[in-house]
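What follows is a single structure, written as structure tokens, with notes after it.
The values are calculated or read from the model by the stated rules, or taken from the named source; none is laboratory data. Since the model is a prediction, treat every value here as computed from it, not as a measurement. Using ideal geometry, Cβ is built from the backbone for each residue, glycine included, and neighbour counts are taken over all protein chains shown. Heavy atoms of the whole protein, side chains included, go into the accessibility calculation; ligands, DNA and RNA do not. Shrake-Rupley method; radii C 1.70, N 1.55, O 1.52, S 1.80 Å.
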Amino acid sequence: MTPLDFFARQRVRIGYFLAVVVLYLSRPEPHSIVIGTCVGLLGLAIRAYAAGYLHKQAVLTTTGPYARTRNPLYFGSSILALGAAIAMNSWLSAALLLVYFALVYTLVMRREEIELRSHHGADFEAYAKSVPLFFPSLTTPRKPAATPGSFSWSQYRKNHEYQAALGFLLLLLALLVIWRLHVA
């Protein structure tokens, strides 16, 4: 198993351990939770929008947010992680969370690129040349290939994207409990 495979497969399990550590180190306050929630909701909205277009492994998705960035789910996740870091109100928690995200998801994106090249060949190569890897292009998006092209709530559900929203909600509830325990 390569490091790319290991991190791609174990990122959630490692994330659970990291969550315990960063929550222990967090010092949430009402204002940090509110600001972090607002930022996190933006990340969730981006993820939801992307999940409604994504047809994993079935086709090379190049429409919707995928016309502006090859990784809109991870871009949304980065904003979600930033929101969580703000809500935690701890520089150490924020640093651990953001460094973890940057390292693991850089490796995950590389692994996924290898898989997409292998499955979609020249179509993926053309897509990769015209659409940025992570940060969305603010210019006119690339003309998409003939892939499913509209947002679908059923696709959102099929991709289990609601789990990200539930996870963020649980994080916010944990931060509220931590704040109340520190106030008491």
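A few comments on the model shown:
- Yes/no for Ala128 being under 18 Å from the mean Cα position of the chain (by Cα) and surrounded by 14 or more Cβ atoms within 10 Å (Cβ to Cβ): no
- Sole exception among (1) touching a helix residue (DSSP H, G or I) at 6+ places or on another chain (Cβ under 7 Å); (2) charged (D, E, K, R); (3) without any contact (Cβ under 8 Å) to a residue 12 or more places away in the chain for Arg157, by number: (1)
- Test: residue in region 93-105 that is touching a residue at least 60 places away in the same chain (Cβ under 8 Å) and outside any helix (DSSP H, G or I): no
- Any hit, region 83-90, residues being within 16 Å of Thr61 (Cα to Cα), open to solvent by 50 Å² or more (accessible area, probe 1.4 Å) and not hydrophobic (A, V, I, L, M, F, W, C): no
- Within region 53-68, being assigned to a loop (DSSP other than H, G, I, E, B) and either over 14 Å from the mean Cα position of the chain (by Cα) or within 14 Å of Gln163 (Cα to Cα) (or both) holds for Tyr53, His55, Lys56, Gln57, Ala58, Val59, Leu60, Thr61, Thr62, Thr63, Arg68.
- Arg47 vs. criteria of a type in the set (D, E, K, R) and more than 18 Å from Gly15 (Cβ to Cβ): no
- Selected residue (only one of Val22, Val34, Val39, Val12 is over 19 Å from the mean Cα position of the chain (by Cα) and either open to solvent by 60 Å² or more (accessible area, probe 1.4 Å) or modelled with pLDDT of 85 or more (or both)): Val34
- Taken over region 50-62, residues that are surrounded by fewer than 18 Cβ atoms within 10 Å (Cβ to Cβ) and touching a residue at least 24 places away in the same chain (Cβ under 8 Å) amount to 4.
- The one condition from (1) in a helix (DSSP H, G or I); (2) open to solvent by 40 Å² or more (accessible area, probe 1.4 Å) that Arg27 does not meet is (1).
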